[in-house]
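Below you'll find the structure, written out as structure tokens, and then a few comments.
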Amino acid sequence: MVMYYTFANKAELLAHAKTFVSNRVNSLESDATHCISADPHDERIAPFPIVLYCFSTIDLLGALIAGRADENAPTPSQSKEYMRRFMTYSPTDTDILIDLFRHKLVHLAQPGPMIRRNSEVISWRYYHDDSYFHLKKLPAQGKKVIAASDWNIPVTHEFHISIMDFVKDIKNSTTKQPKGYLEMLKQKPHLQKNYQNAINQIYGEIT
């Protein structure tokens, strides 16, 4: 018989959350350090697995704040909510990140070549570790995206992402004061309830 696990008290829940969340974001940071080189010309790096790991971690954190880690959870919207609330990303940036990077990496193993937003056609560029360009949408200056061997699409903008800054933003969102996730978890009973629900679903228990 599957049982629902209940933390004995708030202190036990917070201790579990601190360990669980810290392990996940520290693992992300450690793997990113191994996979991303400071040298932008280093061909040994593995950027896409780390970007995918970033979104997986955000999906997890979004599940914790929403209390939904079940197979029918609205994962993209939960992730957007986490990015807006705890990473303080703008709604525009979260939408572009989800549409341009996450969906295609998860389903097609690489970011999409471009997305259309209103009158804009947005492509992307990544940097290993350059905070200056992180989350900047800049005019593409006549560049084109090759969508097929005989099909060129004019691009109006490029959205830039710095992978190590993305990793840092995720980690900092859990620990920053006074409104990081772990700090807000101490103060908000609904977040505590949602954490317990999500953890039970992650571990395969009913809720």
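The values are calculated or read from the model by the stated rules, or taken from the named source; none is laboratory data. Small disclaimer: the values here were computed from a predicted structure and weren't measured. Reconstructed Cβ throughout: ideal geometry from the backbone, glycine too, with neighbour counts over all protein chains shown. With ligands, DNA and RNA removed, areas are computed over all heavy atoms of the protein, side chains included. Shrake-Rupley method; radii C 1.70, N 1.55, O 1.52, S 1.80 Å.
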Inset, instruction - Over all alpha-carbon pairs of the chain, lay out the pair-distance distribution in 5 Å bins, whole %, shortest bin first. - result: 1, 7, 14, 18, 18, 14, 11, 8, 5, 3, 1, 0, 0
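Dipole of the chain, Cα-centred, from +1 at each Lys and Arg C-beta and -1 at each Asp and Glu C-beta, to the nearest 20 debye?
Details: 24 positive and 22 negative charges, 137 e Å.
Charge dipole of the chain: 660 debye, to the nearest 20.
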Legend entry - Amide H within-cut-off set for GLY180, under 5 Å, with H built and near neighbours excluded: none
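Please check the chain for the longest run free of chymotrypsin sites (Phe, Trp or Tyr not before Pro) that are loop-located per DSSP (anything but H, G, I, E, B) and have at most 14 other Cβ atoms within 10 Å.
6-131
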Inset, instruction - Determine the share of the chain's accessible area contributed by carbon and sulfur atoms, expressed in whole percent, with a 1.4 angstrom probe. - result: 52 percent
Legend entry - Degrees between helix 47-66 axis and first principal axis of the chain (Cα, 0 to 90, nearest 10): 40 degrees
Inset, instruction - For the chain, set up a Gaussian network in which alpha carbons nearer than 10 Å are linked by springs, and say which option among GLY67, GLY180, GLY142 fluctuates the most. - result: GLY142
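Just the accessible area per residue of the chain, please: how many Å² with a 1.4 Å probe? Present the calculation step by step, with values, prior to reporting the outcome.
Numbers: 11100 Å² over 207 residues.
Result: 54 Å² of accessible area for each residue.
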Legend entry - Hz values of 3J(HN,Hα) by residue in the stretch 90-99 - Karplus curve (6.51, -1.76, 1.60), Gly and Pro given as x: 6, x, 5, 5, 5, 4, 5, 4, 5, 6
Inset, instruction - Working with all protein chains in place, sort HIS34, HIS190 by solvent-accessible area computed with a 1.4 Å probe, largest first. - result: HIS34, HIS190
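Scan the chain and report its longest stretch carrying no trypsin sites (Lys or Arg not before Pro) that are both in a DSSP loop and have at most 13 other Cβ atoms within 10 Å.
On the way: sites that count: ARG44, LYS143, LYS179.
Here the longest segment lacking exposed loop sites spans 45-142.
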Legend entry - Leading residue at positive end of dipole, the chain (Cβ point charges), from TYR126, TYR4, GLY204: TYR4
Legend entry - DSSP-defined antiparallel bridges as percent of all bridges, the chain, nearest 5: 60 percent
Legend entry - Straight-distance crosslink candidates among lysines, where the alpha carbon sits under 17 Å from LYS176 and sequence neighbours closer than 8 are dropped: LYS18, LYS168, LYS186, LYS188
Inset, instruction - Search the structure for amide H atoms under 5 Å from the amide H of TYR89, placed 1.01 Å from N in the peptide plane, and list their residues when 5 or more places away or on another chain. - result: ARG84
Inset, instruction - Using amide H atoms built 1.01 Å from N in the peptide plane, name the residues 5+ places from TYR127, or on other chains, whose amide H lies under 5 Å from its own. - result: ILE161, SER162, ILE163
